[in-house]
Amino acid sequence: MENISGRFSRNMKRLRKEGELSQEKLADLTGFHYTYISQIERGRSENFSLKNAEKIAIALGSTLNDLTK
């Protein structure tokens with residue numbers, strides 16, 4: 001069974017691509033470095049905060065609930 005951070009990462013990448021956003025553009029929208037976005041999408045940053053997750057969700061036009069389904 002996939003854990004919550006895995007679901008978040010998978011859905012984040014899917015929504016970013018559906019929105020035709022590069023990792024760099026998403027980074028600009030959130031104020032994060034593009035390497036941080038990449039680490040989350042690859043499952044290399046499992047300890048990101050809810051505050052950061054919410055910033056990403058907002059930038060993607062989504063919700064935390066949608067990103068963790």
- Leaving ligands, DNA and RNA out of it, rank Asp66, Asp28 by accessible area with a 1.4 Å probe, largest first. Asp28, Asp66
- Query: Would you list Arg42, Arg10, Arg16 from the most to the least accessible area, probe 1.4 Å?
  - Reply: Arg42, Arg10, Arg16
- Message: Accessible area of region 1-42 with a 1.4 Å probe: how many percent of it is carbon plus sulfur?
- Response: 50 percent
- Probe 1.4 Å, all protein chains present, accessible-area order of Arg14, Arg7, largest first: Arg14, Arg7
- For Lys69, which lysines qualify as cross-link partners when the Cα separation must be under 16 Å and same-chain residues fewer than eight apart are set aside? Lys13
- Item | Probe 1.4 Å, protein heavy atoms only - accessible area per residue of the chain in square angstrom | 65 Å²
- Roll a 1.4 Å probe over the protein heavy atoms and report the accessible area of Lys51 in Å², nearest 10. 140 Å²
- Calculate, in whole percent, how much of the Cα-Cα pair population of the chain lies beyond 15 Å. 43 percent
- Query: Put a dot 7 Å past each Cα toward the Cβ at Ser22 and Ser45; how far apart are the dots in nm?
  - Reply: 1.8 nm
- Item | Solvent-accessible area of Thr35 with every protein chain in place, 1.4 Å probe, in Å² to the nearest 10 | 60 Å²
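The values are calculated or read from the model by the stated rules, or taken from the named source; none is laboratory data. Worth saying up front: this structure is predicted, and the values here are computed from it rather than measured. Ideal geometry is used to build each Cβ from the backbone, glycine not excepted, and the neighbour counts take in all protein chains shown. What goes into the accessible areas is simple: the full protein's heavy atoms, side chains included, and nothing from ligands, DNA or RNA. Shrake-Rupley method; radii C 1.70, N 1.55, O 1.52, S 1.80 Å.
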